[in-house]
Amino acid sequence: MTQKLLSNVKTALQGTIPIPGDKSISHRAIMFGAAAHGKTVIHNFLKGNDCLDTIACFRKLGVKIEDAADEIIVYGNGWEGLKEPKEVLDVGNSGTLIRLLLGYLAGCSFHTVVIGDETISKRPMRRVVNPLREMGANIAGRNDGEFTPLSIRGGLLKGIEYELPVASAQVKSALLLAGLQAQGKTTIIEPEATRDHTEHMIRQFGGAIEVNGQKILIEGGQQLKGTTVHVPGDISSAAFFMAAAAVMPNSEIVMPHVGLNERRTGIIDVMRQMGANVEVVPDEIIASEPQGTIIVRSSSLKGIEIGGAIIPRLIDEIPIIAFLATQAEGTTVIKDAAELKVKETNRIDAVVRELKTLGAHIEATDDGMIIHGKAALKGGHVRSHHDHRIGMMLGIAALACSDPVYLKGADAVTISYPNFFDHLQKVVQPK
Ligand code: S3P
């Protein structure tokens, strides 16, 4: 179904938005709750399709998970409490779920088959499968384990030392989950620092982990203990409204309790560098990860160069940064971001194609894109490519368009932000 978006919004965007829970942390809270002994209570869990698929998979693995109105309760029985599932595990659209699940199942001495949707069937899995095989897991799949369906027979693992060929928090996390169950020590070396929610969670669930710069060490045979997790708002979801407020005139949007983990805040640094008015007020009570209020006001933006170590700190925000760049004076160059090609869709191609349709001056490069601003966006027929972040980026871009925008595949937003369009509608001020 095609959705007509809010275009030609000449009025201000104003209001407070309750940003939904962080997707990365919500997935991990279920997984660690399942691996731990005892009860884990999760507040502000993201009820988006990806994280609901995580609950469904762990239920099929025999874990009791209750969905109470305001919290999710996981009753863990330790690693050995998991049971061989009678059915295939379906990860839906979630790359995080499948990659972390592979690490998890590598240590479980039973057989599992894992599938996902059309998108997942095209995403590379050998980056996780290869090191897990080195640790002792038996994994088979199409193209020697590169693509789903995958079949896993887990069992006794041994710790390894592994230098990640790509900066990926998903691969790192899969190896940490396997390493926790292995015999001996696992050492992981990252080429760039990536999001470290798994490391935080291991400590929060009573485990031990040593981090020396980009070298991470974990001892095998660790048992974890259930706990309470407060999931902060997802900065990757907030990013869409941060961009909207910066671009639209006379705007101010306030987003309380958003996660401010250093490894995720690249969007704040980049927007400030572009000249945006971004205020951050940290919350006093710090849960397991820092959080605070982000306030963004209308700003005049300028183009910048983005590349190197900041890329993993904003990898999921590149589609919306590309839109921001169309509304900035001068040229923005995004490089070192070839990983975008293997996200939910090829995000370099999708962003360039759809923003071009709306009238942007943007070109793809091998590892990113070049955007010339400031462009007068018009309107037209665009599509989400079944990618939630492309869908939301186009939802925001439409605000700056002079003519109507029709979005095909708008329902993709349910992956990480089910009420995105309601929230957007609420901050648009009546003329
Ligand atoms: C994620 C890691 C990133 C990110 C994804 C979520 C995670 O992927 O793009 O949306 O929760 O670990 P990579 O690890 O593939 O970079």
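The values are calculated or read from the model by the stated rules, or taken from the named source; none is laboratory data. Fair warning: this is a prediction, and the values are worked out from it, not measured in the lab. Methodologically, a virtual Cβ is constructed for each residue, glycine included, from the backbone with ideal geometry; neighbour enumeration extends over all protein chains shown. For the accessible areas, the whole protein counts, side chains as well, though only heavy atoms, and no ligand, DNA or RNA atoms are used. Shrake-Rupley method; radii C 1.70, N 1.55, O 1.52, S 1.80 Å.
Straightening the chain between residue 56 and residue 281 buys 77.4 nm, computed as 0.36 nm per residue apart minus the Cα-Cα spacing.
Here region 139-286 has 49 percent of its accessible surface on carbon and sulfur atoms, given a 1.4 Å probe and all protein chains in place. Pair-distance distribution of the chain: all C-alpha pairs, bin width 10 Å, starting at 0; shares per bin in whole percent are 5, 23, 32, 25, 13, 3, 0. If R0 equals 25 Å, the separation of the Cβ atoms of residue 1 and residue 353 corresponds to a calculated FRET efficiency of about 0.75. Which entries in 4/374; 60/426; 374/426; 215/335 show an alpha-carbon gap greater than 29 Å? Exceeds cut-off: 60/426.
Within the listed set 189, 415, 390, the Gaussian network model of the chain (springs between alpha-carbon atoms below 10 Å) gives the highest mean-square fluctuation for 189.
Amide H to amide H, with H built 1.01 Å from N, residue 64 comes under 5 Å of 75, counting only residues 5 or more places away or on other chains. Based on DSSP, what percent of beta bridges with both residues in the chain are antiparallel, to the nearest 5? Just about 70 percent of them are antiparallel. A DSSP coil position with no more than 16 other Cβ atoms inside 10 Å describes the following GluC sites (Glu not before Pro) in region 247-356: 284. Across region 361-373, coupling constants 3J(HN,Hα) worked out from phi with the 6.51/-1.76/1.60 Karplus curve, θ = phi - 60°, read 9, 9, 9, 7, 10, 5, 10, x, 7, 10, 10, 9, x Hz, and Gly and Pro carry x.
Between 0 and 90 degrees, the angle of helix 23-35 with respect to the longest Cα principal axis of the chain falls at about 10 degrees. Calculated [222 nm] ellipticity per residue, helices only, for the chain: -9000 deg cm²/dmol; basis is -39500 (n - 2.57) per DSSP H run with n ≥ 4, divided by all residues, nearest 500.
Placing pseudo-labels 7 Å out from each Cα toward the beta carbon at residue 158 and residue 425 gives an inter-label distance of 6.0 nm.
Close amide H pairs (under 5 Å, H built 1.01 Å from N) link residue 37 with 78, 224, 225, 226, residues at least 5 positions away or on another chain.
Between residue 80 and residue 47, residue separation times 0.36 nm minus the direct Cα-Cα distance comes to 9.2 nm. For the pair residue 336 and residue 130 in one chain, pulling the backbone fully straight at 0.36 nm per residue adds 71.8 nm over the alpha carbon distance.
Placing R0 at 56 angstrom, the Cβ-Cβ distance between residue 203 and residue 329 gives a FRET efficiency of 0.80 after rounding to 0.05. In this label model, residue 88 and residue 367 are separated by 3.7 nm, measuring between points 7 Å along each Cα→Cβ vector.
In the chain, taking the dipole from charged Cβ atoms about the Cα centre, the farthest positive-side position among 420, 213, 274 is held by 420.
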